[in-house]
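Every number here is computed from the coordinates shown, using simple stated rules; none is lab data. It should be emphasised that the depicted structure is a prediction, and the values quoted were computed from it without experimental measurement. Quick reminder, even Gly has a Cβ in these numbers, built from the backbone with ideal geometry, and neighbours come from all protein chains shown.
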């Protein structure tokens, strides 16, 4: 397949790029800097992309977006979080819609997040669950809504509602470092549910969804067995051979993370309903297996 990929240099994009290349796909990364061989420059902040860049491709994958954990959530950074997701998505969806149907890629696989659901407590959540309220659920709704021009042009749109991806880097890096330094433990009481997925399964699910023409709309890209934070902390300690009994109160998280703290510990017992019904087979079905595969290489 010829796949146009936005966000190829990020945590998820860099792993997906390697995985797709290993499968033999022809990749066209979109970049904001001066392009190297095989890359194409674009300016999503200005909603600028020549639709011809997408013409003849089989698929478009959009993972663009500033990191939620990169900076404190000031009002200015909240605007960055929103614009860095909505603008690239709208740019790609509009460019797809402008192409003649004979030249239009068949599918847009677009990033989203389980943050769509907000805090759902102990309730099991699948893709039919209503959106939550608050900054990040509202951001996710705007993010997903920006794909509308592509859907209206009969492009299959898949929305990747991703949980915590357990791979080299990302949010697992500071969690593992804290645990290695004998300071690991449950966060904010530890009773909130964490939807996680191994990196191998995240890339595997995206490859699976690119091929499955019968799947569209929201897909929870999470493992089959969400765990409470206290179980995650204990399992991480066991994998790293460290005790992890040291609780971190919510107030301390707020001091470090700012407004992101409350949304970071939202309880989300999210299940991979669509992936399971479609027949995806998980390589790592438990959080311990996923952590061992990532951290004990």
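Helix 199-211: angle to the longest alpha-carbon principal axis of the chain, degrees 0 to 90, nearest 10?
Relative to the chain, helix 199-211 is tipped by roughly 30 degrees.
If you restrict to DSSP beta bridges whose two residues both lie in the chain, what percentage is antiparallel, to the nearest 5?
Roughly 10 percent of the DSSP beta bridges within the chain come out antiparallel.
Does anyone have the angle between helix 229-240 and the longest principal axis of the chain? Alpha-carbon axes, 0 to 90°, nearest 10?
90 degrees
Between residue 98 and residue 78, what is 0.36 nm times their sequence separation minus the Cα-Cα distance? Round to one decimal in nm.
4.2 nm
Once R0 is set to 35 Å, what does the formula 1/(1 + (r/R0)^6) return for the Cβ-Cβ distance between residue 246 and residue 22, expressed as a FRET efficiency to the nearest 0.05?
Calculated transfer efficiency: 0.30.
Using helices alone, what [θ] at 222 nm do you get for the chain, with -39,500 (n - 2.57) per DSSP H run of 4 or more residues, divided over all residues and rounded to the nearest 500?
Only helices count here, giving -11500 deg cm²/dmol.
If you take the C-alpha gyration tensor of the chain, multiply each eigenvalue by 5 and take the square root, what semi-axes do you get, largest first, in whole Å?
32, 20, 18
Taking the 0 to 90 degree range and rounding to the nearest ten, how far is the long axis of helix 75-98 tilted relative to the main principal axis of the chain, both from C-alpha atoms?
30 degrees
If you take every DSSP beta bridge fully contained in segment 1-150, what fraction is antiparallel? Give it as a percent rounded to 5.
Restricted to segment 1-150, the bridges split so that about 5 percent are antiparallel.
How high is the relative contact order of segment 2-295, in percent, counting Cα pairs under 8 Å that sit 6 or more residues apart?
19 percent
Mind telling me which of 100, 44, 137 comes out most flexible in a GNM of the chain, alpha-carbon contacts under 10 Å?
100
State, to one decimal in nm, how far the label point of residue 41 lies from the label point of residue 286, with both points 7 Å from Cα in the Cβ direction.
Placing both labels 7 Å beyond Cα along the Cβ direction yields 5.2 nm.
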